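The values are calculated or read from the model by the stated rules, or taken from the named source; none is laboratory data. A quick note: this is a predicted structure, and the numbers were derived from the prediction, not measured. Methodologically, a virtual Cβ is constructed for each residue, glycine included, from the backbone with ideal geometry; neighbour enumeration extends over all protein chains shown. Side chains are part of the model used for accessible areas, which takes the heavy atoms of the whole protein and leaves out ligands, DNA and RNA. Shrake-Rupley method; radii C 1.70, N 1.55, O 1.52, S 1.80 Å.
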Amino acid sequence: MYHCFDELDDAVVILDRDNNVARLNGSFQETFGLGDDATQGMEIGDLIARHLAPLFEEGDSVGRIIEALRCRREVSHVTCRMQPSRGETRWFSFSCRVMTGEPYAGMMLIRFRDVTPERDEAARSVLDTAAQVRPESIYAGIGEMLPYGIWICEPDGTALYVSASFLNLAGTTLEECRRTGLMDCIPLKDAAGVLDDWKRCLNTGCRWDRELEIRDPDRGHRTILSRGAPVRDENDQIILWAGINLDVTARKHAEDLTAVRAAQQAAIAALGHSALAGAGSRELMNAVVRTVAEHLGVEYVKVLRYLPDEEVFLLEAAVGFDSAQTGMRRVEGGTDSQAGYTLLSGKPVIVDDLRTERRFRGPALLRDEEIVSGISVIIQGDKAPYGVFGAHTRMRRIFTRDDINFVQAAANVLAQGIERRTAEEALVMSEEKFREIAQRSFDMIYTCYHEGGITYISPAVERILGYTPAELIGSWCRNFVSPSSLAAWKEGQKKIVRGEPVEGLEVEFRRKDGTAAFVELNESPIIEHGRVVGVQVVGRDITERKQNEHLRRQAFEQIERNIEQFAVLGDHIRQPLQVILGRAELLDDEETAAIVRAQVERINEYITQLDRGWIESRKVREFLRRHDLA
C-alpha cells in the first residue's frame, strides 16, 4: 500500500496506532525536505513542532493541527499558508482520518494538498468580475457599509463619488458637489476653517484628517470624522483623493459628557474643600448655587430653608431669581409646590414640564419665571431635613441620573457645611460658657495639649501659684511640679495617654515665689479622631488643708508623748510612796503613822485617776486614727 501513496502528488504521512510516524511518501519528503529514515517512529506532534511549525505563516494553525492529530480527530480541508523547501509561499489543504480496513485499522492517514493554483484561479476570476463592474458600483457597495461611506475626488478636489448617506446628511447632491466643491456645499459649523484645511491638503498633498460639525435638522448637529489621502501614480503624481467619513457623534457626545462629569466632580471637590476650610453658611450657599448653575447648564438654582412652625420655605440663596428676594421670599410648602412635594416624598424629584405636571401645581416663584423643567433634592439636617435644593431651566429638558447625582452631591456638601458651621457655633458658645464659668471658678482650670502646651488657664492660677494666666500660656505644667511629686505626676500622665481619667491626684507645685503649693488634680483626656491630643484639668488648692493635716499630726504626736510620760511619771511616784509607807509602819507614834498612811493613800488615788485618764486618752487617740483624724 505504501507504494500507492508514493505515486500521489499530495504530501502524505501514515501514523501507526500510537500516533508515531510509520511512513512518509515521496511527495512529503520532497515538499518539506524531510527523510523517511530520520522521522521513522517519531511522534506526530514532535514531527510537526520540530520540522513543520517553522514553515507555517499563521502560528495558531500549528496548534490546531497538533491538537487534532493527538486527539485522533478527523479533519477535512483546513487551509493553511506555508513556505516549504521550494521557497515560495504556498497554500495547502490539510486533512486527516483514521483508517478502518484491515490490516490498517486504527492507523491514521494525514494529507497536505497544494491548493495554490486553485486559489490563484479563484482570485483571477474575482478580478475579472470586478473589472466588468462600474467603479461607482464598487464604491457604493463598500461605502454604504460604513457610516456615511466614502468619497473620491480628482486632484483639484472635484468630487467623483460621494456616498449617498453622506449626501443625504449634508442635504446636497453629487452634481452640486462637483459644481461647487465637496467642502463648499456642506452646511458646516466652521466652514471657513474647514475649507482652509482642505485647500492646504490639496496644495501640499498631505493627509486629510478633520472632524466636521454638520448641522442636522433632526438632532442639532452630527460630528463626522473625515479622513483621506492622495492616490499617486508611478511618477508620484496625485491622480485621485480617496477617503472615508465616519460618524463619531456618539463618541464625541460621550467624550463631552465625560468632560462635563469630570468638571462636575472637580467642582464638588472644590466645594467640599471650601466647606472643610470653614466657609460661612451664606458664603457656601452662594458658591454652591453658582457652581451648579454653571456646571449643570441651567439658569436658576435656589436654596430653600424649611420653617416647620410655619410650614413654608425661606429663599436663602439663589441664582437667576431676584436677589432682593433672598432672605425674605417665602415659598409655600405641602404638595402644592415642588419643594414641598420633594420634602414629603423623601427623594429627588424631576420635572420634565411644569406646564403639564400633575403631582403638584408649582409655586409662584417658579411660575413667575416661566420655568419648565427642573430637579429638586433634599438638604439633609442633623435631626430633620434642613430644606430643599433646586435647579431649574426655562427650556424643556430631560435630566439624567448623572444630573441628579450631581445636584444631590452639591446638596450634600451644603448640608455638611451647614452642619459643620452649626456645630462650630455651638462649640464656640459652649467654650464661651466654659470660660465664663472658669473665669469665676475658685479652682484652677486649664487645657493643655501635647503640642503647644497650655492653651487656656483660669485666673485662679494667680491666687494658687502666683503666676498670671498670660505667663503660663504655651508652657507645660510638668515644668512646675516639685521633684517629690514627679513620679506620681508621670503615673497620672500614663493613664491620660491610655485615654483614662485621673481623679484625686495630689501634686506639689513650686509657686512663683519659690514656696510650695499643694494642688489636687482631676484630669480628663482630650481625644480627637481616636487619638489623645491633650488633657483638661481642674486643680483645687489644698495647701491649707495639707498644712492643717501636718499640724494635727504634730499635735497628736505630742499628745501621745504626753500620755507615755504620764504613765512613766505614775510609776515613778508610786515607788517613793511605797518607801514612805514602809517607814510609817516603823514609827512608834501611831497617830503620826496614821496621818502618813492617809496622805499616801490620797496621793495613790490621784495617781489612779491619772491612769484612768491615760487609758481614756489612748482610746480617744485610737478612735481618731481609725477615722483618719489624727
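Things to note:
- Candidate lysines for bridging to residue 302, where Cα separation is under 24 Å - those fewer than 8 sequence places away on the same chain excluded: 347, 383
- Computed extension length for residue 487-residue 265: 74.4 nm, one decimal, from 0.36 nm per residue of separation with the Cα-Cα distance subtracted.
- Stretchable slack from residue 357 to residue 594, in nm (0.36 nm times residue separation minus alpha-carbon distance): 72.0 nm
- Candidate residues 274, 125: accessible-area rank, largest first, probe 1.4 Å: 125, 274
- Taking all protein chains together and rolling a 1.4 Å probe, residue 80 ends up with roughly 0 Å² accessible.
- R0 of 22 Å, Cβ-Cβ distance residue 254-residue 216: FRET efficiency to nearest 0.05: 0.80
- Label zone at residue 383 (point 7 Å along Cα-to-Cβ), backbone N below 19 Å, the range 290-310: 306-310
- Modelled this way, with points 7 Å down the Cα-to-C-beta line, the labels at residue 468 and residue 513 are 1.8 nm from one another.
- Whole-percent carbon and sulfur share, accessible surface of the range 169-228, 1.4 Å: 44 percent
- Spin-label model distance (nm) - residue 178 vs residue 442, 7 Å beyond Cα toward Cβ: 11.4 nm
- For the chain, the mean residue ellipticity at 222 nm estimated from helices alone is -14500 deg cm²/dmol, where every DSSP H run of n ≥ 4 contributes -39500 (n - 2.57) and the total is divided by all residues, rounded to the nearest 500.
- Accessible-area value, residue 341, 1.4 Å probe, nucleic acids and ligands omitted, Å²: 60 Å²
- The range 162-295: C-alpha gyration tensor shape, a/c 1.5 cut-off, then a/b vs b/c: prolate
- Averaged per residue, the range 1-124 has 52 square angstrom of accessible surface, using a 1.4 angstrom probe with ligands and nucleic acids left out.
- Sulfur and carbon atoms: percent of accessible area, the range 287-364 [1.4 Å]: 47 percent
- Whole-Å semi-axes of the range 177-253's equivalent ellipsoid (Cα gyration tensor): 26, 14, 10
- Once the C-beta distance of residue 479 and residue 554 is scaled by a Förster radius of 30 Å, the resulting FRET efficiency is 0.40 to the nearest 0.05.
- Net charge of Cβ neighbours under 15 Å - reference residue 337; Lys, Arg +1; Asp, Glu -1: +1
- Shape of the range 354-407, Cα gyration tensor, a/c cut at 1.5: oblate
- Projected label points at residue 605 and residue 64, each 7 Å from Cα along the beta carbon direction, are separated by 14.1 nanometres.
- With K and R counted +1 and D and E -1, the other residues having a Cβ less than 13 Å from that of residue 500 yield a net charge of 0.
- For the pair residue 53 and residue 368, the difference between a 0.36 nm per residue extended length and the Cα-Cα distance amounts to 105.3 nm.
- Residues of the range 469-532: accessible area per residue with a 1.4 Å probe, Å²: 59 Å²
- Prolate is the label for the range 43-107, because the ratio a/c of its alpha-carbon gyration tensor axes (a ≥ b ≥ c) is 1.5 or higher and a/b is greater than b/c.
- Only one item in (i) 74.9; (ii) 29.4; (iii) 27.6 matches mean projected area of the Cα convex hull in nm² derived from the coordinates shown, and that item is (i).
- Cα-based reach from residue 512 at 23 Å (exclusive), listing lysines while leaving out same-chain residues under 8 positions away: 490, 546
- Amide N proximity, the range 86-110 versus residue 118 label position 7 Å along Cα-to-Cβ, cut-off under 17 Å: 90-97, 110
- Per residue, the solvent-accessible area of the range 283-327 (1.4 Å probe, heavy atoms of protein chains only, all protein chains present) comes to 44 Å².
- If R0 equals 22 Å, the separation of the Cβ atoms of residue 527 and residue 503 corresponds to a calculated FRET efficiency of about 0.80.
- Centre-to-centre separation between the Cα atoms of the range 1-37 and those of the range 231-253: 52 Å.
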